[in-house]
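Beneath this line is the structure, given in structure tokens, with notes to follow.
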Amino acid sequence: MKQEIEKIQSDALAAISAAGDEKSLDDARVAFLGKKGQLTVASAGMRDLSKEDKPVVGQLLNVARQAITSAIDEKQAALEAEADKKSVAGIDLTLPARGLPVGGLHPITQVKDSAIQTLRRMGFALAEGPEIETEFHCFDALNTPEDHPARNEKDTFYFDSGKLLRTHTSSVQIRTMEKVTPPVRIIAPGSAYRRDEIDATHLSVFNQLEGLYVDKDVQLGDLKGTLEFFLQSMFGKDTEVRFRPHFFPFTEPSFEIDIKLHAKGQKPKWIEIAGCGMVDPAVFESLCETRGDDVFSPDKVTGFAFGMGIDRLAMIKWGIKDIRLLIENDVRFLKQFA
Ligand code: DAH
């Protein structure tokens with residue numbers, strides 16, 4: 001019996017060491033340690049042994065089983081290590097990784113975000129309205145008469161339905177005031193559309209930012225203070241801001257706002273940056289009619305509004321000479337802002 005066990009052990013060790021892959025190693029394990037394996041069968045022979053022989057043979061069997069098991073474990077580890085080595089053969093793990101391109105926000109998005117951030121800190125909430133608008137919300141409700149040039153078919157994209165692509169975000173003023181009660185303090189960034197000839201300063205789709213503040217006793221001083229603070233936080237606290245009388249149908253009085261631009265190598269010059277004014281009482285009156293109540297009666301509230309081109313803000317901020325660069329998505333241009 002002793003010899004038989006020793007033979008099994010040495011056969012097993014030979015088979016294990018000869019195993020070249022996991023499959024033949026497993027075959028060897030089954031052949032010697034499996035249910036019908038040689039060592040298992042030999043162990044069953046213990047039954048027929050005398051009392052004195054049993055512990056001796058039992059000991060031998062244990063030694064053999066342990067030797068075979070650890071040989072299998074070792075071989076298994078060696079095979080795995082070899083497979084690992086093979087899988088990285090020819091790969092230089094010390095090579096530095098290829099750089100991942102880093103994305104960045106579009107300049108328009110950056111200007112828009114920082115404008116929103118400043119205005120929200122001043123208490124303005126974000127509002128939205130549709131880009132496909134009714135003539136009513138885009139013009140009539142904003143006190144803009146039938147013969148106003150902005151309503152001309154040559155200037156505006158009309159649909160057969162009579163709706164149009166909004167020519168300004170001012171329509172969101174009306175959309176908002178139809179739904180809420182004063183006080184109203186909103187900003188509405190969004191696209192606006194005009195049938196402009198496309199050139200270095202005009203596109204047929206551009207971005208605006210609208211603002212509206214309506215409450216008891218809102219005054220021109222509030223408008224000036226708010227917009228001065230806003231523009232100085234966008235362009236630097238020493239930025240000079242000028243309010244120049246102008247006309248818009250939906251505000252009275254109305255102004256255009258200029259800031260003084262100090263471009264390198266150029267004489268400082270005033271450039272127009274926004275339109276604004278005190279909400280025209282006619283707008284409130286029309287609103288009372290639509291709503292069927294008087295919470296926006298011009299006897300009860302006053303307000304100011306403003307609107308500016310975000311594309312223009314970006315062009316001024318970075319000295320961009322051609323507005324078309326902002327929609328061409330040329331990475332050579334865009335990566336300067338990332
Ligand atoms: N909607 C005007 C435009 O597109 C800009 C504007 C002017 C907006 C005065 C206003 C405002 O809210 O009060 O040219």
The stretch 229-256 versus the stretch 272-338: alpha-carbon centroid distance in Å
11 Å
So how far, in whole Å, is the C-alpha centre of the stretch 1-30 from the one of the stretch 121-150?
88 Å
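So for the chain, considering every pair of alpha-carbon atoms, how many percent are separated by more than 34 Å? Numbers along the way, then the final one.
Values: 28982 of 56953 pairs.
Summing the P(r) tail past 34 Å for the chain gives 51 percent.
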Entries of LYS163/LYS335; LYS36/LYS75; LYS163/LYS216 with Cα pairs more than 27 Å apart
LYS163/LYS335; LYS163/LYS216
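Roughly how many Å² is the accessible area per residue of the chain, as a whole number, for a 1.4 Å probe? Mind showing how you got there, number by number?
Numbers: 19700 Å² over 338 residues.
With all protein chains present, the chain gives 58 Å² per residue.
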With every protein chain left in place, what is the accessible area of LYS163 in Å² (1.4 Å probe, nearest 10)?
90 Å²
Give the Kirkwood hydrodynamic radius (Å, one decimal) of the stretch 183-338, defined as one over the mean of 1/r across all pairs of different Cα atoms.
17.3 Å
The chain: calculated mean residue ellipticity at 222 nm from DSSP helix runs of at least 4, using -39500 (n - 2.57):
-13000 deg cm²/dmol
Cα Rg, Dmax, the stretch 272-336, angstrom units
19.6, 55
Over all directions, the average projected area of the alpha-carbon convex hull for the stretch 2-87 comes to how many nm²?
5.4 nm²
Given the options VAL111, LEU212, GLN173, identify the residue whose Cα lies farthest towards the positive end of the charge dipole of the stretch 107-337 (+1 on Cβ of Lys, Arg; -1 on Cβ of Asp, Glu).
VAL111
Restrict the search to the stretch 86-193; then list the GluC sites (Glu not before Pro) that DSSP places in a loop and that have at most 16 other Cβ atoms within 10 Å of their Cβ.
GLU128, GLU131, GLU146, GLU153
Probe 1.4 Å - accessible area at SER24, Å² to nearest ten:
40 Å²
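The values are calculated or read from the model by the stated rules, or taken from the named source; none is laboratory data. The structure presented is a predicted model; accordingly, all values stated were derived computationally and were not measured. Note that each Cβ is placed from the backbone with ideal geometry, even for glycine, and that neighbours are counted across all protein chains shown. Keep in mind that these areas ignore ligands, DNA and RNA; they rest on the heavy atoms of the full protein, side chains included. Shrake-Rupley method; radii C 1.70, N 1.55, O 1.52, S 1.80 Å.
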